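Written below as structure tokens is the structure these notes are about.
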Amino acid sequence: MTLSYTLLYANNQNQLHKLIGGMDNTFNAILILLAFSVVAVALFRRMNFPSLLAYLFVGIVVARHVPGLTENTEQIQHLAEYGVVFLLFTVGLELPLHQLFAMKYTVLGLGGLQVLVTTIVAAFISMSYGADLTTAIIIGGVIALSSTAIVIKQLNEQLEISSRHGNIAIGILIFQDLAVIPFLILIPQLGDGGSDMLSSLSLAFLKGLIAIVLMLAIGRWLLRPLFREIASVRSNELFMLTVLLVTLTASWSTHLLILSPALGAFIAGVMLSETEFRHQIEANIKPFRDILLGLFFITIGMQLDLQVVLNYWQSILLAVLVLIILKTVIIAVLAIVFKQDTGVAVRSGLVLAQGGEFGFAIISLALKDSIIDSLTAQIILAITIMSMIVAPFLIRLNGPLVKSLMSGSYVARRKHYYAKIKDRADTLQGHVVICGYGRVGQNISRFLDIESIPYIALEVDPHVVKEASEAGDSVYFGDATNAEILKLANMNSARAVVLGFNHQKSTEKILEQIRNLNKDIPILVRTSDDSGFETLLNMGATEVVPAKLEASLALITHLFILLDFPRDRIHARINSVRADHYRILRDIFHETEPGSIEQALETRQELRCISLPHHAKAVGKSLSELGLEKHKVKMVSIRREEGKITNPGKDMVLYEYDVVVLRGQPEDIEHVEGIILNG
């Protein structure tokens, strides 16, 4: 008996040592990769190359020379896959449900056709070079997919994620990520002869539909109150843990249904995008996403056999060129069919002209089921990776390339926007030019309206321009960093310029352009704090208004009033601080910046425009009949053909085709919108 217990104990100890040894090896491998990544990313960024290339370089060149590292590739890859999970989660955060529904034609129509047409064309080309039908379908599936990680990260860095070609790219990528699921189901069936293919695909579709509906329902009725409760504790740690729990639970749920974990993360992001904590969640998740995404690209590089690349380099380079041209042409043609401008269509094609990370999953599964041989898999892998290496440069240069090759399309569109700005500006004299129509720009315009001072606002967010212009605001689509746009705004006749956004580099560029056009016009610049204060003054800003310092002055003013100081004395004191460029407020001991959960927890109100079609239930009813007050929503204005009605009374009756502007919390406005449109 004693001997058996001794043997059992020894056996358990051996297993424990093996487990710990395995963990140590994985930990050592990750530590080595992180060390090389720090050096590689620093060098690549210093050369102004995208950091994703640094990670691929570490995987291709460095990782294979580190002893014992390749044995732990599988464990590292499992960890790295969470980078894609968190990436899709942040994509979902940028796409509220109403915006996703608005993109349905892009996602289902354009995205669906792109995957179908690219797969068929790529498969046909493969068969013409001797591939059998099964291999050709797999190659077509890999070629049809693009890199969600590279495209979204690069577009974000270039501030093009909300552009027209950016929206098209995201819509297509969403469908591509969904299309991975049928491909992963199809491959084992191809290996078995395809006997049960239709039923497997139907079951996957049904499970996906159920998962999406259930998760969206849970998100709508559970997540908002959950996060409010969590945020009320005011603990960043608890908030972060909850975000991770929600993301990973959603991924685990879809994984249980044999669907992509990234799909679950995307749905979780869409659910949380409807809450007021969206920006705080994105800020918290970003470090996890970027580190794990870097690790993911390292594991991709580790899978590449350099000997195969050297043996077949000519064929691989030719195939990469064909892939880029093929995908660019197919996406551009389809986008044109969907009534996009030619220039925007080609930019969308260039942005998506590469292989994708989900293609590696297809290759791995096909190799595992012995559908393709190792050499074919390595060649496809090499083509995909090489196209991904080229991708950041193509995405970065997509604008200059297309604008130089297809200037006609852009000139026509630009003339349309320029004409609208010029037509408005030519009617103005002594007006104010507002650059940036966010919260600050809109607040300034409200006071200018009250005092009947004309203004023209320039904004690059098409959604803001559409909503605000429909509400009757004098806002136009235009990039204020463009000297031609500023000139059209009739800068020489304007009384003042206000820069209402908080982006240092853009502000400096606009200041330089304005001063080249008009040396004397007063320029008021808004910043969040006093960083860059002296630089902006030296570049020609008449006044720089740091929001944090002005908040301090407001509190000081209220405090002195409560302490019964004479108002003249208070105003003199405050004016002297401003005249001294906030010197007394800028010389402080800086505290560690606190989290912004409190800001998200505060009551957040927004404006929203609603157009009333002829069948809307609110048509013919007065505001008192609608009872908006009990829903905590106020109707700020009504726009009709004859003009804009500000602060309408309770007896005001709504007519068809009115555009009403509501103010309230997002969930309250959504409820009232339903009452107005559907009763």
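The values are calculated or read from the model by the stated rules, or taken from the named source; none is laboratory data. All figures in this text were calculated on a predicted structure; none of them were measured in a lab. So basically every Cβ, Gly included, is an ideal-geometry build from the backbone, and we count neighbours across all protein chains shown.
Computed values, structure above
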quantity: Filter result for the condition that a residue is modelled with pLDDT under 85, touching a helix residue (DSSP H, G or I) at 6+ places or on another chain (Cβ under 7 Å) and not acidic (Asp, Glu), over 553, 585; calculated: 585
quantity: Yes/no for residue 315 being assigned to a helix (DSSP H, G or I), hydroxyl-bearing (Ser, Thr, Tyr) and surrounded by fewer than 20 Cβ atoms within 10 Å (Cβ to Cβ); calculated: yes
quantity: Filter result for residue 489 (within 22 Å of residue 547 (Cβ to Cβ), touching a helix residue (DSSP H, G or I) at 6+ places or on another chain (Cβ under 9 Å) and not β-branched (Val, Ile, Thr)); calculated: no
quantity: Residue in the stretch 544-554 that is of a type in the set (Lys, Arg) and part of a helix (DSSP H, G or I) present; calculated: yes
quantity: Candidates 647, 575 - the one that is at pLDDT 80 or above, within 40 Å of the chain's Cα centre (by Cα) and surrounded by fewer than 14 Cβ atoms within 10 Å (Cβ to Cβ); calculated: 647
quantity: Counted residues, the stretch 627-645 - those being free of Cβ contacts under 8 Å to residues at least 12 places away in the same chain and polar (S, T, N, Q); calculated: 0
quantity: Among the candidates 437, 418, residue that is surrounded by fewer than 20 Cβ atoms within 10 Å (Cβ to Cβ) and not assigned by TED's automatic domain parsing to the domain that holds residue 316; calculated: 418
quantity: Members of the stretch 451-487 found to be in contact with a Cys (Cβ under 6 Å, 6 or more places away or on another chain) and more than 13 Å from residue 417 (Cβ to Cβ), listed by number; calculated: 467, 470, 471
quantity: Residues (under 18 Å from residue 470 (Cβ atoms) and surrounded by fewer than 13 Cβ atoms within 10 Å (Cβ to Cβ)) located in the stretch 616-644; calculated: 641, 642, 643
quantity: Helices (runs of 4 or more DSSP H) wholly inside the stretch 334-429 that include at least 3 residues being of a type outside the set (Gly, Ala, Ser) and touching a His at 6+ places or on another chain (Cβ under 9 Å); calculated: 342-351
quantity: Single residue of 353, 319, 283 found to be at pLDDT 80 or above, within 25 Å of residue 85 (Cα to Cα) and small (Gly, Ala, Ser); calculated: 353
quantity: Criterion: modelled with pLDDT of 90 or more, buried (at least 19 other Cβ atoms within 10 Å of the Cβ) and assigned to a helix (DSSP H, G or I) - qualifying residue of 330, 300; calculated: 330
quantity: Residue satisfying all of: in the stretch 650-663; over 20 Å from residue 469 (Cβ atoms) and of a type in the set (A, V, I, L, M, F, W, C); nearest to the chain's Cα centre (by Cα) among these; calculated: 654
quantity: Scan of the stretch 519-549 for residues that are modelled with pLDDT of 85 or more and over 31 Å from the mean Cα position of the chain (by Cα), ordered by number; calculated: 519, 520, 521, 522, 523, 537, 538, 539, 540, 541, 542, 543
quantity: Positions within the stretch 477-498 being touching a Leu at 6+ places or on another chain (Cβ under 6 Å), within 18 Å of residue 442 (Cβ to Cβ) and either modelled with pLDDT of 85 or more or charged (D, E, K, R) (or both), in sequence order; calculated: 498
quantity: One residue from 393, 360 being under 20 Å from residue 301 (Cβ atoms), surrounded by fewer than 16 Cβ atoms within 10 Å (Cβ to Cβ) and either touching a residue at least 12 places away in the same chain (Cβ under 8 Å) or not small (Gly, Ala, Ser) (or both); calculated: 393
quantity: Boolean, residue 520 is assigned by TED's automatic domain parsing to the domain that holds residue 536, of a type in the set (Asp, Glu), more than 22 Å from residue 645 (Cβ to Cβ) and in contact (Cβ under 8 Å) with a residue 60 or more places away in the chain; calculated: no
quantity: Any chance residue 242 is free of Cβ contacts under 8 Å to residues at least 24 places away in the same chain, part of a helix (DSSP H, G or I), under 24 Å from the mean Cα position of the chain (by Cα) and assigned by TED's automatic domain parsing to the domain that holds residue 375; calculated: yes
quantity: Residues of the stretch 430-442 satisfying the condition of being in a helix (DSSP H, G or I) and more than 14 Å from residue 502 (Cβ to Cβ); calculated: 442
quantity: Test: residue in the stretch 439-461 that is small (Gly, Ala, Ser) and touching a residue at least 40 places away in the same chain (Cβ under 8 Å); calculated: yes
quantity: Criterion violated by residue 429 - all others in (1) within 27 Å of the chain's Cα centre (by Cα); (2) modelled with pLDDT of 85 or more satisfied; calculated: (1)
